Amino acid sequence: MLAVYQIFKIIFGTIVSIFILYFLIQYSVNYSGSQKNIQKYNIIHTFLQDAENVYISGNPTNFSLSSRYDFSGCVPVLKESGLPNVLCSFGSIGPMRIPLLFYFRGKERLFMERKSVRYGFWDLYFVEAMPETRILFTPIDSSKKGWDLMVTITDNLPDTTNFSPKITFGFCNGETVDEFFCGGYGCEKPDFLGYLKLPHGGIHFSSCKADLSDRYRIVTISSACSSDLSKKGICIEPPDSDGTGYAYLSGSEKPYIYKDPADLIALIIGGNKIDFYGKPYGEILYEYKNKVFGERLSIASKVMSRRAVLISNNLPSGHKCSGVYSQLLSYLEDISETAESYSDLNKMKKLSRSVKSAFALEQKLMDMGCE
C-alpha cells in the first residue's frame with residue numbers, strides 16, 4: 001500500500017510540475033511579447049516626437065530606432081474627431097500633431113525632413129520620413145511640361161546630402177536602369193536637379209520593365225497614363241493650365257487628382273504595397289494628406305478672411321486698398337469652401353485658381369504698401 005502511495009505522489013508531483021512549468025513558460029512568452037509591444041509603442045511615440053522637433057526646427061535628421069523592429073504595417077489613421085494616430089499591429093499611437101508623410105520598410109532607419117506647400121497667402125509645413133529609397137523616372141512625355149514635373153517632384157523630396165539613409169534619383173528606360181551617372185553611390189537631390197535642368201532634346205523613353213526591389217519607386221511621366229504604365233509604380237500626367245492633373249498607382253484602379261506637389265509626394269512615399277485591407281499604402285497617405293491639409297487650409301483661409309474684413313473695415317472710405325481686400329476676401333471664401341473636396345476635379349481646379357489669385361492679390365497688397 002505504501003508503494004502505491006509513493007507512486008501516486010510521484011505521478012501527482014510530475015503532473016503539478018508540468019502544469020507549473022507550462023504556466024511559467026506561457027507567462028514568460030506573454031511577458032516577452034508584452035515587453036516587445038511596449039518597446040515598439042515607445043519607439044513610435046519617440047518617432048512622433050522627433051518628427052515634431054523636425055517640424056518646429058526645420059533641421060533634418062535620421063531616425064535609427066525603427067531598425068530594431070519591423071514597423072512596415074504602421075500607417076496614419078484618421079479619426080472621426082480629434083487628431084490622427086499611427087495605427088500598427090500592436091496598437092494605435094498618437095496623436096499626430098503635425099502633418100507627417102511616412103513609410104516604414106522592415107527594420108530600417110528613416111530620414112526625416114521638413115517641407116512646405118505654398119498656398120498663396122499661407123505656407124503649410126509638413127514632415128517627410130522615408131527609408132532608403134531610389135526614385136527612378138521614366139519620362140515617356142519628354143515635353144517641357146513633363147521635364148518640369150520631374151523637377152517639381154524631385155524638389156519636393158528629401159535632400160539626404162551628408163545624411164543617411166539615402167534618397168537617390170535616376171532613370172529607367174525599358175529594362176535599362178541608370179542611377180549612378182552622378183558618380184559614387186548615386187544621384188542625390190542637388191546633383192539630380194542640376195542634371196534635370198540641362199537641355200535634354202532628342203531623348204526618348206519607353207515604359208520601365210526592369211525587375212526591381214521595393215526600395216525603388218518608379219515614376220512614369222506620360223500624357224496618356226494607362227494601367228500598363230502604372231504597373232511598375234505611379235504614372236503621372238503633366239498638369240493642365242490650372243496646375244491640376246491625374247496620377248495612377250499600381251494596385252488601384254482609380255485615378256488620383258493632384259493640385260499640389262504634396263499629393264504626388266504622398267503617393268510616391270507610400271508606394272504600391274498593399275495593406276491588410278487591399279489598399280495601396282500610397283492611397284492611404286494620399287487620403288490622409290488631403291484630409292489633414294484640407295482641414296488646415298480651410299481654417300487658415302477663414303482666419304485670413306476675418307483678418308481681411310477687419311483691416312478693410314478700419315480703412316478710410318475710398319482707400320486704395322479696400323477694393324483689393326474685398327477681392328482677396330472673395331477668393332479666401334472660395335478656398336475655405338473647396339479645400340476639403342479633393343476627389344472632385346472641378347473643385348480642385350477652382351481651388352487651384354483661387355489659391356493663385358489670392359497669392360497675386362497678396363503680392364499686390366504688399367506692392368501697394370497695404371501689408
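The numbers here are math on the coordinates, done by the rules we state, and not lab data. No experiment lies behind these values; they were computed from the predicted model shown. Positions of Cβ are generated from backbone atoms using ideal geometry, with glycine treated the same way; all protein chains shown enter the neighbour counts.
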- Query: In nm, to one decimal, how far is the modelled label at Lys356 from the one at Asp155, with both set 7 Å along Cα→Cβ?
  - Reply: 1.5
- Have a look at Thr46, Thr176, Thr220 and tell me which one the Gaussian network model of the chain (Cα, springs below 10 Å) gives the largest fluctuation. Thr176
- Subtract the Cα-Cα distance of Asp367 and Ser341 from 0.36 nm times their separation in residues, and report this length gain in nm to one decimal. 6.1 nm
- Within the stretch 307-371, list the trypsin sites (Lys or Arg not before Pro) lying in a DSSP loop whose Cβ has at most 15 other Cβ atoms in a 10 Å radius. Lys320
- Task: Hand me the GluC sites (Glu not before Pro) from the stretch 134-240 located in a DSSP loop with no more than 13 other Cβ atoms within 10 Å, in residue order please.
- Result: Glu175
- Which value at 222 nm does the chain reach when only helices count, each DSSP H run of 4 or more adding -39,500 (n - 2.57), with the total divided by all residues and rounded to the nearest 500 deg cm²/dmol? -15000 deg cm²/dmol
- Mark the label point 7 Å from the Cα of Ser298 along Cα→Cβ and return the residues of the stretch 330-371 whose backbone N is within less than 11 Å of it. 336-342
- How much of the DSSP beta bridge set in the chain is antiparallel, as a percent to the nearest 5? 60
- Task: Let me see the pair-distance distribution of the chain: every alpha carbon pair, 20 Å bin width, integer percents in order.
- Result: 25, 48, 18, 6, 3, 0
- Query: If we count every other residue with Cβ under 11 angstrom of Tyr325's Cβ, Lys/Arg +1 and Asp/Glu -1, where does the sum land?
  - Reply: +1
- Note on the structure: The ³J(HN,Hα) series, computed from each phi in the stretch 96-108 with the Karplus coefficients 6.51, -1.76 and 1.60 at θ = phi - 60°, rounded to the nearest Hz and given as x for glycine or proline, is 8, 7, 10, x, 9, 9, 9, 8, 9, 10, x, 8, 10
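Please list, by residue number, every one of the GluC sites (Glu not before Pro) in the stretch 248-331 that is coil in DSSP and has at most 12 other beta-carbon atoms within 10 Å.
Those that pass, being in a loop and sparsely packed, are Glu253.
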- Rounded to one decimal in nm, the spacing of the 7 Å Cα→Cβ label points at Ile203 and Ser34 is 5.8
- Query: Using alpha-carbon pairs under 8 Å, 6+ residues apart, how would you state the relative contact order of the stretch 56-119 in percent?
  - Reply: 44
- Message: If packing is taken as the average count of other Cβ atoms within 10 Å, what order do 118-131, 203-216 fall into, highest mean first?
- Response: 118-131, 203-216
- Message: Under the rule a/c < 1.5 gives rounded, and otherwise a/b versus b/c splits prolate from oblate, where does the stretch 171-232 land using the Cα gyration tensor?
- Response: oblate
- Message: Whole-Hz ³J(HN,Hα) for each residue in the stretch 171-182, computed from phi via Karplus 6.51 cos²θ - 1.76 cosθ + 1.60 with θ = phi - 60°, x for glycine and proline: what do you get?
- Response: 10, 10, 10, x, 9, 9, 10, 10, 10, 10, 6, 8
- What shape does the stretch 148-273 take by its C-alpha gyration tensor, where a ≥ b ≥ c are the square roots of the eigenvalues and a/c under 1.5 counts as rounded, a/b above b/c as prolate, and the rest as oblate? rounded
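Calculated FRET efficiency, Ala210 and Asp70, Cβ-Cβ r, R0 22 Å, to nearest 0.05? Spell out each step's value before the answer.
Values: r = 26 Å, r/R0 = 1.20.
Computed FRET efficiency for Ala210 and Asp70 comes out at 0.25.
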